[in-house]
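To start, the structure itself, in structure tokens.
Since every read-out is calculated from the coordinates, none of them should be taken as a lab result. Bear in mind that the values here come from a model prediction, so they are computed numbers and not experimental data. Using ideal geometry, Cβ is built from the backbone for each residue, glycine included, and neighbour counts are taken over all protein chains shown.
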Amino acid sequence: RPTTSVFSSRFSPSAYQRLLSSLAILEQREGKLNHGSLSAVTAATKIGGSIHGFVAGSNIKPVAEEAAKVEGVEKIIAVDNAAYDKGLAENYAPLLVENIKKGGYTHIIAGHTAFGKSLLPRVAALLDSQQISDITAIESENTFVRPIYAGNAIATVESSDAIKVITIRGTAFAAAEATGGSAAVEDGVDPKIEPTSEWISENLATSDRPDLATAGKVVSGGRGLKSKEEFDRVMLPLADSLGAAVGASRAAVDSGYADNSLQVGQTGKVVAPQLYMAVGISGAIQHLAGMKDSKVIAAINKDADAPIFQVADVGLVGDLFDKVPELTEKLKSA
Ligand code: FAD
């Protein structure tokens with residue numbers, strides 16, 4: 001794989017090492033800490049130096065106290081204000097910038113989630129820093145690795161900005177331990193800006209199945225399923241027999257077979273479960289970008305030349321409408 005060096009100014013005397021300090025942006029929803037966002041703490045640990053966590057929203061105290069137990073965090077900065085509940089970037093970015101300036105952090109780290117992707121480029125612009133997105137590894141305090149061209153090349157980028165503003169790929173950094181820490185909780189600065197955007201409503205897809213982004217097993221269906229009815233009839237029992245989350249290719253989502261929130265790939269979710277089963281999915285590079293780091297990849301496709309078999313550990317050539325129900329029955333009776 002080619003390696004690209006974008007810009008450079010490397011300096012890492014040991015005295016500087018001591019001055020490193022990271023602010024990990026922790027996500028919360030409805031007063032509950034999102035444990036997926038604890039990957040930001042793990043990334044901060046790899047950078048070295050002190051680590052503070054940041055939370056904001058209404059009635060933030062219980063979230064701050066939960067975050068204070070996260071291993072490796074020295075201090076939680078908490079801002080109690082309902083204006084930050086939904087993480088609207090227009091409101092949240094000035095808040096974060098004030099707290100970054102006060103804390104004098106060298107690294108600002110958030111997950112490469114809808115929240116992080118929306119917020120951090122705005123924060124970077126306000127700080128006149130260059131945003132470094134979706135990193136998968138940290139080589140030093142100023143050198144980071146990130147996939148580009150839908151994961152077909154890996155770029156190693158070096159930043160000379162005083163404040164590095166970084167989003168991390170959750171599947172590349174395990175979440176920090178939620179217990180074992182005893183951080184202090186401190187009130188952050190609240191600039192109380194006049195909100196320029198307002199949260200109106202949200203329409204969330206709910207499911208009793210495991211969360212796609214964090215599930216240990218994922219079964220995904222593609223255009224080969226032919227209709228929403230067949231997708232549900234074939235894929236859902238398979239998922240339940242394995243205790244797996246359901247995913248889908250973009251073609252399946254665009255054809256209305258599956259909800260948009262289930263899309264895996266370059267423009268969908270990036271997953272890296274223990275088992276990823278691709279059913280009736282050809283294996284386009286944009287789909288592979290979202291699942292090729294899975295530990296075991298199994299594929300069922302009637303076309304023996306389908307590109308998915310090039311990345312699959314286990315492959316079954318056959319008609320999915322015969323093979324999947326048969327497999328589901330065997331799994332149920334196993
Ligand atoms: P197809 O390519 O049509 O493949 C269907 C497969 O099903 C075939 O291999 C066929 O042999 C098999 N099949 C058919 N019938 C049966 C049967 N009865 N039994 C067994 N096998 C059968 N795609 C994504 O998935 N995620 C993304 O995030 C994404 N982002 C994109 C971003 C951009 C900018 C672009 C340009 C494209 C993106 N795509 C994405 C689309 C991607 O290029 C492919 O078009 C898409 O992944 C194809 O989906 P598919 O494999 O389900 O469909």
Original post:
Hey, which lysines would be in cross-link range of residue 302, C-alpha to C-alpha under 17 Å, not counting anything within fewer than 8 residues on its own chain?
Top reply: 226, 323
**OP:** Mind listing the long-range amide H neighbours of residue 139? Cut-off is under 5 Å, sequence gap 5 or more, other chains count too, H placed in the peptide plane at 1.01 Å from N.
**Re:** 144, 145
**OP:** Using DSSP, restrict attention to beta bridges with both residues in the chain and report what percent are antiparallel, rounded to the nearest 5.
**Re:** 20 percent
Original post:
Using modelled backbone amide H atoms (1.01 Å from N, in-plane), which distant-in-sequence or interchain residues come within less than 5 Å of residue 277's amide H?
Top reply: 218, 219, 220, 298
Original post:
Between residue 82 and residue 313, what length comes free when the chain is fully extended (0.36 nm per residue of separation minus the Cα-Cα distance, one decimal in nm)?
Top reply: 78.4 nm
Subject >> residue 30-residue 259 FRET efficiency (beta carbon distance; Förster radius 30 Å; 0.05 resolution) >> reply: 0.90
Original post:
Most exposed first by the Cβ proxy, i.e. fewest other Cβ within 10 Å, how do 220, 159, 255 rank?
Top reply: 255, 159, 220
Original post:
When we measure straight from the Cα of residue 164, which lysines land under 26 angstrom away, once same-chain ones fewer than 8 places off are left out?
Top reply: 46, 69, 75, 86, 101, 102, 117, 192, 269
**OP:** Let me have the relative contact order for the chain, percent, based on Cα pairs under 8 Å that are six or more residues apart.
**Re:** 15 percent
Original post:
What longest region of the chain stays clear of trypsin sites (Lys or Arg not before Pro) that DSSP places outside H, G, I, E and B and that have at most 13 other Cβ atoms within 10 Å?
Top reply: 11-191
Original post:
Modelled label-to-label distance, residue 189 and residue 226, 7 Å Cα→beta-carbon offset: nm?
Top reply: 6.3 nm
**OP:** Please sort by residue number the chymotrypsin sites (Phe, Trp or Tyr not before Pro) in region 43-152 whose DSSP state is loop and whose Cβ has at most 14 other Cβ atoms within 10 Å.
**Re:** 149
Subject >> Computed [θ] at 222 nm, helices only, for the chain once each DSSP H run of length n ≥ 4 contributes -39500 (n - 2.57) >> reply: -8000 deg cm²/dmol
**OP:** Give me the number: length gained by fully extending residue 233 to residue 149, i.e. 0.36 nm times residue separation minus the C-alpha to C-alpha distance, one decimal in nm.
**Re:** 26.7 nm
Subject >> At R0 = 41 Å, FRET efficiency that the Cβ-Cβ distance of residue 61 and residue 333 yields, to 0.05 >> reply: 0.25
